[in-house]
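Working notes, beginning with the structure itself.
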Amino acid sequence: MPARPTRDWMRGLPKAELHVHLEGTLEPEMMLALARRNGLALPWPDAATIRAAYAFGNLQEFLDLYYRGMGVLLTHADYVDLACTAMERAAADGVVHAEFFYDPQGHTSRGVPFDVVTGGLLAGLAEGERRFGVSWRLIPNLLRHLPEDDALTTLRVAEPWLLDGRLHGVGLDSSERDFPPERFARAYAWAAERGLFRTAHAGEEGPAAYVATALDVLGVHRIDHGNRALEDPALVSRLAALGIGLTVCPLSNLRLRGVACLTEHPLRQMLDAGLKVTLNGDDPAYFGGTCLDNFVAIADALELSVADLLTLARNSLEVSLLDPAAKARHLTALAAYAGAAALVEGADT
Ligand code: HPA
Ligand code: ZN
């Protein structure tokens, strides 16, 4: 019997993280420091009290605190610090490439200009890349609890940044129940007309039908979460045949009560169905774990094999937005890592 894959071995896997919200990387300590720096009052006295407040019954209970938390972000320097710190954590997890989301409307609705938010995040990511050697993309998400006209206004403001390649596509997040993807058909048609990459949160709390309409009406290239797609076998076959990436977030699913415990997580069924699943942190500061913590927790709960973990890492590189040369370079490094693992396994058996 080969030994179980260790945390260090999973850290060494060359992998991409494709579903992580920059606002969701705001740890309580930084929230308190930014509140102090900006002269803002928070209802919590210390980091331990903030963490204790992170007990969620569902997605909406999380979102209420998440929008509240991001309220401490006001200045260019705040956004630089947030993004650069996220890059440092990605590097510490052995993530070689990170694709980040952010919610422009969560900031512009509070009066922070789009350019301050986006310019600060981009500066922080560029500094992070220089210091920690991780490549990145940045994708603005539209808030699905707000009207589509609000989303279209945001897209028009973002248009120069999207067209010259500073931003890398369009996503959709926030409250899912009762907000089906088709409400954003015009916004996604706008993005499609401009040849932009498209992704959307779907099948996290919402039904399989929302995954189908994200695919058919929004024309997405990836699905964020997608767990409930499993309720529709014909849809699962289509997603597998099309090679649509699913950015799965086990600790998020646990903390938002999509699953009662990680041993009940559907990742095994997703892998067995041939879906291009990947593992991600989602909102690590709120859900108690980074990308690597998700690897370790789900590998332990489901007793994933070395081969399963290699598949998850390979999927993440394949369905990423990396250019073909960088993708090939990381896939070659992953193959070398797999070869070394096979030698160790051979020696163990
Ligand atoms: N789901 C929906 N919206 C979100 C999430 C999530 O997990 N995180 C941040 N916004
Ligand atoms: Zn998410």
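Every read-out reported here was derived from the displayed coordinates using simple, explicitly stated rules and does not represent laboratory data. All values reported here derive from a predicted model rather than from experimental measurement. Cβ placement follows ideal geometry from the backbone for every residue including glycine, while neighbour counts extend to all protein chains displayed.
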> Across segment 4-22, what is the number of residues that are part of a loop (DSSP other than H, G, I, E, B) and crowded, with 19+ Cβ neighbours inside 10 Å?
Replying inline: 3
> Restricting attention to segment 39-63, and to residues there that are under 21 Å from the mean Cα position of the chain (by Cα) and exposed (fewer than 12 other Cβ atoms within 10 Å of the Cβ), which single residue is farthest from residue 177 (Cα to Cα)?
Replying inline: 55
>> Let me spell it out: the conditions are (1) part of a helix (DSSP H, G or I); (2) touching a residue at least 24 places away in the same chain (Cβ under 8 Å); (3) touching a Phe, Trp or Tyr at 6+ places or on another chain (Cβ under 9 Å), and residue 138 meets all of them except one. Which number is the exception?
In response: (1)
> Given 61, 17, which one is farther than 20 Å from residue 119 by Cα, within 16 Å of ligand 2 (Cβ to nearest atom) and touching a Phe, Trp or Tyr at 6+ places or on another chain (Cβ under 9 Å)?
Replying inline: 17
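Does residue 119 satisfy being part of a loop (DSSP other than H, G, I, E, B) and either within 16 Å of ligand 1 (Cβ to nearest atom) or closer than 27 Å to residue 135 by Cβ (or both)? Spell out how you get there, then give the answer.
Values: part of a loop (DSSP other than H, G, I, E, B): no; either within 16 Å of ligand 1 (Cβ to nearest atom) or closer than 27 Å to residue 135 by Cβ (or both): yes.
No.
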> So, of the residues in segment 255-298 that are touching a residue at least 12 places away in the same chain (Cβ under 8 Å) and among the acidic types (Asp, Glu), which turns out to be nearest to residue 312 (Cα to Cα)?
Replying inline: 293
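Of all residues in segment 216-246 being among the hydrophobic types (A, V, I, L, M, F, W, C) and within 16 Å of ligand 1 (Cβ to nearest atom), which is surrounded by the fewest Cβ atoms within 10 Å (Cβ to Cβ)?
Step by step, filter segment 216-246, then rank; the result is 218.
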